[in-house]
Structures are given as C-alpha cells and as structure tokens.
C-alpha cells in the first residue's frame, strides 16, 4: 500500500513559526514532525510515499529529498494554492495509483502501527467499503467529536458516543475521481456520502495521538518526546 502525507496547509494557528517554516517541518523531539511519520511508515513496510505541498513546499523537498535517508521513495504533488484535503488527494491520484492507499495528516503526531491499521483497512475495503478511518478520544480542543463508531466497526454521524477523526485513514481511489484535478474540495462531504451509502468503517485508536495545532501543543509535545528519549 502507498501512503500520502498531507503537508500543504498554511498553519495559520502556528504563526509566526510557520511564516518561514512549513508546519510539517516544525521540530518535536529532535526531528521534524513529518519525519516521525516517514519513519513509522518505513517500519510498517510502506516505502512508497506521496507528499503534497503548497506553502514553502520547496523547503519540504529540500529537507526530505527523495527519501533515501529513511529507505523510502518520496514523490511530490505540488499545489500552487492549497487544495484542501480531498482536492489535494484527488490531485495526487496519478501518483497514488489504482489500489487503496493510506493518508496521514502531516500535522498530527501519532504512534499508531500503520502496518496493522492498513491490514485491517484492506480487509474492510475488500468487503466493499470505501474508506477506513482511525478515530480517537475527543481532545480538549474538540470535545464535540466527529463520528459514531458502532460495535461492528461501522461509522455513522449520530446515535451514540462521538469520537474524533484522527486525520489518518485508508481510501479507495474511486472516492476522489469525481473531483477535478487542481480544484479545491473538502473531505467531509465525501465521508458523509460514504456513511449514507453504508460504506465507511473505522477503528478506535486509544494510543498516543496529538493534533499539533498551536505553538503551545507543539512545545508540550516537544518536551514529552525529549523526556521519553
């Protein structure tokens, strides 16, 4: 399975840190946030990675190169202006191919085992599902949650306790093929459509996860990871 790391966001809430550095290159625990993902993907046996970028994208390419340092092959999907999540994925489909692929938000920190997650996702998608998401407990900054996960692993929008979408999911390419390449598109409407069709599944991940959305959360994570090292 190939993986895509979403790295095109401007990171407005992280300013002024992101005025000169793209958000995924901000350092936590002694290495750029995006490198934590690349290392975990490589350990899971995922060696073909696509990274989209817009704001200061050249710095991402200069820092990561083609991925030889981590034993992976990185291809880049450049965007003149950030196309939002679904638009960025649709624009990168020629690089991702025809098989299901993993997508990871570049601005989260997560210790999820990508290998186990992808194996479960493939099983679910061979049963006709369009996507499989990792859901987490609601963080303090998002107490309302996003989706309900039932005992069978089916995702719905209501009818139970809500969990938060982690920004990590596996998808069939067909979810994005009606989006014009180069156009902006949000992911939420596609997920809602998959729910309405009964074709969206997920799993509850209860390990370490952090949406690194503010300088304060970045600093706290940095201290935590350095303490663990």
Taking the range 75-90, which residues are more than 10 Å from residue 54 (Cα to Cα) and out of contact with any strand residue (DSSP E or B) (no Cβ under 6 Å at 6 or more places or on another chain)?
84, 85, 86, 87, 89, 90
Are any of the residues in the range 107-116 modelled with pLDDT of 95 or more, within 18 Å of the chain's Cα centre (by Cα) and farther than 23 Å from residue 32 by Cα?
yes
Unique match (being over 23 Å from residue 92 (Cα atoms) and under 15 Å from the mean Cα position of the chain (by Cα)) among 207, 213, 169, 198
213
Mind listing whichever residues of the range 53-63 are assigned to a helix (DSSP H, G or I), buried (at least 19 other Cβ atoms within 10 Å of the Cβ) and in contact with a helix residue (DSSP H, G or I) (Cβ under 7 Å, 6 or more places away or on another chain)?
60
List the strands (runs of 3 or more DSSP E) that sit entirely inside the range 103-150 and contain at least 2 residues that are closer than 21 Å to residue 225 by Cα and touching a residue at least 12 places away in the same chain (Cβ under 8 Å).
108-110
Hey, among 193, 169, 182, 202, which residue is surrounded by 13 or more Cβ atoms within 10 Å (Cβ to Cβ) and either part of a helix (DSSP H, G or I) or at pLDDT below 95 (or both)?
193
Based on what the data block shows, is residue 80 in a strand (DSSP E or B) and either more than 17 Å from the chain's Cα centre (by Cα) or without any contact (Cβ under 8 Å) to a residue 40 or more places away in the chain (or both)?
no
When the residues of the range 1-33 are filtered to those that are assigned to a helix (DSSP H, G or I) and in contact with a strand residue (DSSP E or B) (Cβ under 6 Å, 6 or more places away or on another chain), which remaining residue is nearest to residue 86 (Cα to Cα)?
24
Can you tell me which of 50, 72 is over 28 Å from residue 223 (Cβ atoms), surrounded by fewer than 20 Cβ atoms within 10 Å (Cβ to Cβ), modelled with pLDDT of 95 or more and in contact with a strand residue (DSSP E or B) (Cβ under 6 Å, 6 or more places away or on another chain)?
72
Does residue 228 meet the test of being exposed (fewer than 13 other Cβ atoms within 10 Å of the Cβ), in contact (Cβ under 8 Å) with a residue 40 or more places away in the chain and either closer than 30 Å to residue 15 by Cα or over 20 Å from the mean Cα position of the chain (by Cα) (or both)?
yes
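The values are calculated or read from the model by the stated rules, or taken from the named source; none is laboratory data. Just so it is clear, the structure is predicted and the values come from calculations on it, not from any experiment. Here the Cβ is made from the backbone with ideal geometry for all residues, glycine too, and neighbour counts use every protein chain on show.
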